[in-house]
């Protein structure tokens with residue numbers, strides 16, 4: 001298992017949606033004028049989208065993003081989820097505890113080009129005393145503030161298992177009650193592609 | 001799915017093994033004087049170890065390698081396997097075909113520090129007309145030419161599924177017969193941890 005990076009999460013300023021673009025209201029600011037915030041709105045997208053732009057150094061000689069950098073962007077999305085659920089730098093500093101990724105299942109579904117705008121949707125699938133299971137879905141969007149279209153296909157997905165670790169003691173310890181409650185409150189049904197393993201390929205013939 | 005990077009694979013010069021270090025003869029040069037090359041020797045370790053040193057830019061603020069860079073090193077090991085099996089840059093240029101990673105299952109088992117010397121063992125688990133399934137196991141070794149000790153625990157593992165793609169046609173196509181034969185000749189039994197999926201974590205409670 002490994003310690004999570006906890007890099008600062010940069011979110012660019014949001015532009016106003018253009019006509020014809022898909023955009024949902026931000027979930028964590030005050031409601032906009034005339035916008036009704038309902039439980040189902042929150043349930044549909046409880047965590048804000050993590051947004052990144054594909055950098056030149058993430059591109060291989062074929063002109064497409066290299067597989068490690070899909071995982072880098074997913075790591076940034078995990079950092080953003082940690083901030084949203086209270087597992088932020090201040091928490092790590094005051095408690096010595098952090099979240100360690102122990103296992104990941106990645107599907108690379110489509111190429112991504114330099115400069116592409118990425119929007120990553122995070123879903124908490126479950127949490128118990130010391131563990132959290134969650135997914136990220138990566139989409140390419142046209143403009144900075146865009147939501148992925150409802151029928152958009154992700155360019156990549158990942159499913160992750162992470163452990164809450166006391167770094168001084170060097171072992172997994174229970175989440176504080178309030179963080180476990182936040183994780184549990186955010187859980188959603190698993191997407192149909194979760195729980196996969198890699199299919200066998202015959203040894204010969 | 002994504003196009004593989006095909007970065008050149010750098011192997012440092014090998015130092016002579018020091019007493020007490022674990023080192024096996026290189027597999028792909030001529031046999032050393034007095035060394036008997038047997039089928040079982042080849043079967044035990046058919047592909048050379050891929051070797052890398054952990055760079056400062058792979059380290060997060062906690063002083064350990066960040067999860068994306070485990071995947072970067074595994075990607076270099078895939079490039080090395082491609083070179084060994086004939087899927088090298090010359091092949092890609094002359095045929096327009098390459099290997100695309102479509103799915104990966106990673107286990108992060110231990111922290112890795114800046115400057116650590118990594119040795120990655122690759123196993124082909126199976127190949128059919130258009131697909132290859134293989135694993136990489138990452139070890140930390142003390143010195144550049146060291147083999148991992150027979151009882152060493154890997155710091156990370158990955159299991160991968162890749163597809164042979166005609167980049168001009170934009171679809172999967174069969175491997176040429178001689179490459180498929182090379183892939184099949186290298187297949188080994190799957191390690192016990194292969195075929196895993198991420199366990200469910202309860203949605204609440």
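Quick note: the coordinates plus some simple rules give every number you see, no bench work behind them. On a predicted model such as this, the values are computed, not experimentally measured, just so you know. So basically every Cβ, Gly included, is an ideal-geometry build from the backbone, and we count neighbours across all protein chains shown.
Dividing the alpha-carbon radius of gyration of segment A:140-195 by the rule-of-thumb value 2.2 N^0.38 Å gives 1.65.
Segment B:155-186 and segment B:51-97 have Cα centres lying 16 Å from one another. Cβ crowding within 10 Å, taken as a proxy for footprinting-reagent exposure, orders A:108, B:91 from fewest neighbours to most as B:91, A:108.
Only Cα pairs under 8 Å and 6+ residues apart enter the sum, and on that basis the relative contact order of segment A:42-185 stands at 28 percent. Once the mean of 1/r is taken over each pair of separate Cα atoms and inverted, segment B:48-185 shows a Kirkwood hydrodynamic radius of 15.9 Å.
Modelled this way, with points 7 Å down the Cα-to-C-beta line, the labels at residue B:57 and residue B:185 are 3.8 nm from one another.
More than 15 angstrom separation, counting every C-alpha pair in segment B:43-108; what % is that?
Working: 1359 of 2145 pairs.
Of the Cα pairs, 63 percent sit more than 15 Å apart.
Per residue of peptide B:103-113, the mean number of Cβ atoms on other chains within 10 Å of the residue Cβ is 6. On the beta carbon distance between residue B:130 and residue A:153, with R0 = 30 Å, the FRET formula returns roughly 0.90.
Exposure proxy ranking for B:82, B:65, based on other Cβ atoms within 10 angstrom of each Cβ and starting from the fewest, stands as B:82, B:65.
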